[in-house]
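J.: Mind having a look at this structure? Questions to follow.
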């Protein structure tokens, strides 16, 4: 789980660096939109850290892991089906 936190921290640093660059270049509206991306990543981290031992959070974490695994499996199978359709119908 610590690798995930380090990844989120790195993405937050990138977001704040992009915000600073946009702000220094004088593009205020873009800078505000970039800064609005930060809380999207910060809120889940704060929630998981504050409720680290809660059974609901542990269940949600396991459920999300299985969901992403099954989604990746479905995308893989669908991509194979599309590839098979392309080969059978002569699109290659």
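J.: Residues being over 18 Å from the mean Cα position of the chain (by Cα) and either under 19 Å from residue 10 (Cα atoms) or assigned to a helix (DSSP H, G or I) (or both): count how many of those fall in the range 28-56. Give the steps one after another, and end with the answer.
T.: First pass over the range 28-56, keeping only residues over 18 Å from the mean Cα position of the chain (by Cα): 28-32, 50-56.
Next, from what is left, pick out any that are either under 19 Å from residue 10 (Cα atoms) or assigned to a helix (DSSP H, G or I) (or both): 28-32, 50, 55-56.
Of the residues in the range 28-56, 8 are over 18 Å from the mean Cα position of the chain (by Cα) and either under 19 Å from residue 10 (Cα atoms) or assigned to a helix (DSSP H, G or I) (or both).
J.: Condition first: loosely packed, with under 15 Cβ neighbours inside 10 Å, closer than 15 Å to residue 61 by Cα and touching a helix residue (DSSP H, G or I) at 6+ places or on another chain (Cβ under 9 Å). Now tell me which residues in the range 5-49 satisfy that.
T.: Scanning the range 5-49 gives 5, 44, 45, 47, 49.
A short reminder: the numbers here are calculations on the coordinates, not readings from a lab. Computed from a predicted structure; not experimentally measured. Note: ideal-geometry Cβ built from the backbone for every residue, glycine included; neighbour counts use all protein chains shown.
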